[in-house]
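Encoded as structure tokens, the structure appears first; notes follow it.
The values are calculated or read from the model by the stated rules, or taken from the named source; none is laboratory data. Since this is a predicted model, take the numbers as computed values, not measurements. All Cβ positions, even for glycine, are placed from backbone atoms using ideal geometry, and neighbour counts span all protein chains on display.
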Amino acid sequence: MVRTTRPTPGTALTAVVLELFRLSNRLLTAGDRLVADLGLTSARWQVLGTIVSAGRPQPVAWLARDMSGNRQNIQRIVNDLKREGLVEFRPNPHHRRAQLVALTAAGQKAFDAAMRLQEPWMETLTEGLRLAEIEATHKVITAVRQRLESDGDVSDVD
């Protein structure tokens with residue numbers, strides 16, 4: 001006789017997390033293809049978007065924090081974007097060494113072009129999905145992320 005166990009919230013979330021890992025990889029690959037003709041990658045596009053979302057120039061460390069990313073990785077991407085003329089460094093009145101990162105006109109143009117490509121792509125990806133489903137998914141993912149941010153280190157778990 002096959003014994004079935006009832007799913008728990010933990011086992012259900014594990015399945016979601018594993019699917020999110022797969023989804024993340026697919027999104028990055030598809031995003032790379034989507035913006036390749038603009039000279040961007042998904043990573044560069046994300047950094048540009050974080051700069052835009054910030055609404056003002058910020059140091060790399062703050063961009064990394066906003067992206068939940070590694071400062072050194074974000075610095076490498078910012079340096080690449082600077083070499084391509086998409087961002088510039090500005091003096092930081094609060095810290096001599098931590099320069100502020102700002103979009104150039106070319107960076108804004110590249111970001112806007114990427115977003116024009118993104119809109120129809122997202123509409124295609126949502127075909128057959130209900131708005132309520134998407135909103136519920138967003139709510140769960142946000143709650144788990146916020147719990148991870150507030151709980152700190154995973155080693156704190158009993």
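Is there a residue in the range 33-49 that is of a type in the set (D, E, K, R), more than 15 Å from the chain's Cα centre (by Cα) and modelled with pLDDT of 95 or more?
Yes, because at least one residue in the range 33-49 is of a type in the set (D, E, K, R), more than 15 Å from the chain's Cα centre (by Cα) and modelled with pLDDT of 95 or more.
G39 versus (1) over 21 Å from Q118 (Cβ atoms); (2) touching a residue at least 40 places away in the same chain (Cβ under 8 Å): which is the lone unmet condition?
(1) is the only condition that G39 fails.
Please tell me if N92 is surrounded by fewer than 17 Cβ atoms within 10 Å (Cβ to Cβ), on the phi < 0 side of the Ramachandran plot, part of a loop (DSSP other than H, G, I, E, B) and not charged (D, E, K, R).
So N92 fits the description; yes.
What number of residues within the range 94-135 are under 17 Å from G55 (Cα atoms), more than 18 Å from the chain's Cα centre (by Cα) and not small (G, A, S)?
4
Select from the range 57-77 the residues that are of a type in the set (A, V, I, L, M) and closer than 23 Å to Q146 by Cα and list them in ascending order.
Passing the criteria: V60, A61, L63, A64, M67, I74.
Within the range 74-115, track down each residue that is of a type in the set (A, V, I, L, M, F, W, C) and within 15 Å of P57 (Cα to Cα).
Residues satisfying the conditions are I74, V78, L81, L86, V87, F89, A98, L100, V101, A102, L103, A105.
Would you confirm whether any residue within the range 137-158 is in contact with an Asp or Glu (Cβ under 9 Å, 6 or more places away or on another chain) and either without any contact (Cβ under 8 Å) to a residue 60 or more places away in the chain or assigned to a helix (DSSP H, G or I) (or both)?
yes
Determine whether A110 is farther than 30 Å from A136 by Cα, in a helix (DSSP H, G or I), in contact (Cβ under 8 Å) with a residue 40 or more places away in the chain and of a type outside the set (S, T, N, Q).
It is true that A110 is farther than 30 Å from A136 by Cα, in a helix (DSSP H, G or I), in contact (Cβ under 8 Å) with a residue 40 or more places away in the chain and of a type outside the set (S, T, N, Q).
Identify, please: which residue in the range 30-74 is β-branched (V, I, T) and within 22 Å of M122 (Cβ to Cβ) and is, among those, surrounded by the fewest Cβ atoms within 10 Å (Cβ to Cβ)?
Per the stated criteria, the residue is V52.
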